[in-house]
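First up is the structure itself, then whatever we jot down about it.
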């Protein structure tokens, strides 16, 4: 509906659509060198490196200015390219993109919009397009029982994205009841378990619990490539986004914290259960019930690099996700293992009939 559409006219920022001082071409961020690089004359510009020890600020959750969930799914903005004057309509949850007309980078710092919190840090791309393609090729070649055509597949529609994440640090105090099982064997040799309840209190610090901060970009493989190295975080600079698409969060801070608490509870139950099992030399954990208090909650809003792509096999499209920092690949691959198992089963079933047929032939032969 028209009343739900908001059009924001933005002119590409000169500091992010960087022109090469040597030849005037648009320069882009190069994951291979972690520099701004001109593809024409080779000029480069240094950016802060993860190893430089820059301080990444962690904000106090209770004093955060922006806490309401904001879903920009129906809002649009108009980006005007400062290079060619072309205009492109983007989803307003996108921070950056490329001009579809001339390829110039279009980056809008999120801080310009008062309703959207700017990222405090990001993990730079360390994998370029060529290396991402090689990572995918190596991944499918190592897969077992995969058809030859899949092993030779090429990536399609490869795009590098900076996706938004909340990360939370918190101290926790949990009172709990854990049911620990002990294995026994009766006189008949059958195994059974007895369970005992153990109560306790656990103090545990949770560091960098990550929450995917958008419901807009849905992809079945993204959750499998989210293992990032947070010691490589650098303070946010719009230049890192040059040449890449970046999504703003659509899961607000409050909603992100609620999702984080679910994940934290799961981790606490797992850690407590394993602790009690080992303490009492049990054999299994049936369940853990707990009540948790959180304090000193800190958070970061960060952008992390992921490549999204696909490949096609027999007319079917298979989504691919690649961690833009480590090169870890996740995708589904068709397998002919099921056919092998089916042939074995059919062979086993038909073996008695084959044997009977051979006996019959031999008996007839000796009869004459």
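The values are calculated or read from the model by the stated rules, or taken from the named source; none is laboratory data. Fair warning: this is a prediction, and the values are worked out from it, not measured in the lab. Neighbour counts are summed over all protein chains in view; Cβ atoms, including those assigned to glycine, are modelled from backbone coordinates with ideal geometry.
Points worth noting:
- Members of region 138-152 that are surrounded by 17 or more Cβ atoms within 10 Å (Cβ to Cβ) and over 30 Å from residue 242 (Cβ atoms): 140, 146, 150
For (1) at negative phi; (2) assigned to a helix (DSSP H, G or I); (3) at pLDDT 95 or above, each residue gets a yes or a no:
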| position | (1), (2), (3) |
| --- | --- |
| 254 | yes, yes, no |
| 291 | yes, no, no |
| 296 | no, no, no |
| 319 | yes, no, no |
| 330 | yes, no, no |
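- Answer from 150, 146 - the residue that is out of contact with any strand residue (DSSP E or B) (no Cβ under 6 Å at 6 or more places or on another chain), closer than 22 Å to residue 323 by Cβ and either assigned to a loop (DSSP other than H, G, I, E, B) or touching a residue at least 40 places away in the same chain (Cβ under 8 Å) (or both): 146
- Residue under evaluation residue 189, criteria (1) assigned to a helix (DSSP H, G or I); (2) modelled with pLDDT of 85 or more, criterion not met: (1)
- Hey, residue 359 modelled with pLDDT under 95 and over 28 Å from residue 205 (Cα atoms) or not: yes
- Test: residue in region 163-177 that is under 26 Å from the mean Cα position of the chain (by Cα), crowded, with 17+ Cβ neighbours inside 10 Å and modelled with pLDDT under 90: yes
- Count of residues meeting criterion [part of a strand (DSSP E or B) and surrounded by fewer than 18 Cβ atoms within 10 Å (Cβ to Cβ)] in region 207-226: 2
- Taken as a whole, the structure places residue 249 among residues that are assigned to a loop (DSSP other than H, G, I, E, B) and either without any contact (Cβ under 8 Å) to a residue 40 or more places away in the chain or in contact with a strand residue (DSSP E or B) (Cβ under 8 Å, 6 or more places away or on another chain) (or both).
- Tally of residues being exposed (fewer than 14 other Cβ atoms within 10 Å of the Cβ) and within 13 Å of residue 179 (Cα to Cα) across region 262-273: 1
- Which numbered condition residue 309 misses (of (1) buried (at least 17 other Cβ atoms within 10 Å of the Cβ); (2) over 14 Å from the mean Cα position of the chain (by Cα); (3) farther than 13 Å from residue 162 by Cα): (2)
Yes/no matrix, rows are residues, columns are (1) under 30 Å from residue 44 (Cα atoms); (2) modelled with pLDDT under 95:
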{"position": "222", "(1), (2)": "no, yes"}
{"position": "240", "(1), (2)": "yes, yes"}
{"position": "270", "(1), (2)": "no, no"}
{"position": "286", "(1), (2)": "no, yes"}
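- Residue in region 298-314 that is farther than 30 Å from residue 62 by Cβ, modelled with pLDDT of 90 or more and assigned to a loop (DSSP other than H, G, I, E, B) present: no
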